[in-house]
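Chemist: Below you'll find the structure I mean.
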Amino acid sequence: MSCVEDNLASNRLSRAGECLQAVVAMAPGDPGLLLLRRRVAARWIGHAEERLGASELAAARRAYEAAREI
């Protein structure tokens, strides 16, 4: 899960999502997945809110969609 954490720390949300998908595939029953999913989704929502505040509607929509897919 350090791949997810490392990418979140570097604000690479797409990459963090890719790492999350890999963790889900390798350890679908991991009890830490729920918290990890929430953290990644929350970061996407934060990014969406930033884009919305900057009137970048398309980018905000993409970020909200990314959060929803998690």
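Chemist: How much accessible area per residue does the chain have, in Å², with a 1.4 Å probe? Could the numbers behind the result be given before it?
Modeler: On the way: 4640 Å² over 70 residues.
Normalised by residue count, the accessible surface of the chain is 66 Å².
Chemist: For the chain, what does the relative contact order come out to in percent, with C-alpha contacts under 8 Å and a separation of six or more?
Modeler: Here the relative contact order equals 26 percent.
Chemist: Quantify, in whole percent, the carbon and sulfur part of the accessible surface of the chain (1.4 Å probe; protein heavy atoms only). Write down the numbers at each step before the final one.
Modeler: Working: 2440 of 4640 Å².
Result for the chain: 53 percent of the exposed heavy-atom area is carbon or sulfur.
Chemist: Mind grabbing the base-10 log of I(q)/I(0) for the chain at q = 0.11, 0.29 Å⁻¹? Debye formula, identical points on the C-alpha positions, no solvent, two decimal places.
Modeler: -0.26, -1.27
The values are calculated or read from the model by the stated rules, or taken from the named source; none is laboratory data. Everything numeric in this text was worked out from a predicted model, so none of it was measured. Protein only, heavy atoms only, side chains kept; ligands, DNA and RNA dropped before computing areas. Shrake-Rupley method; radii C 1.70, N 1.55, O 1.52, S 1.80 Å.
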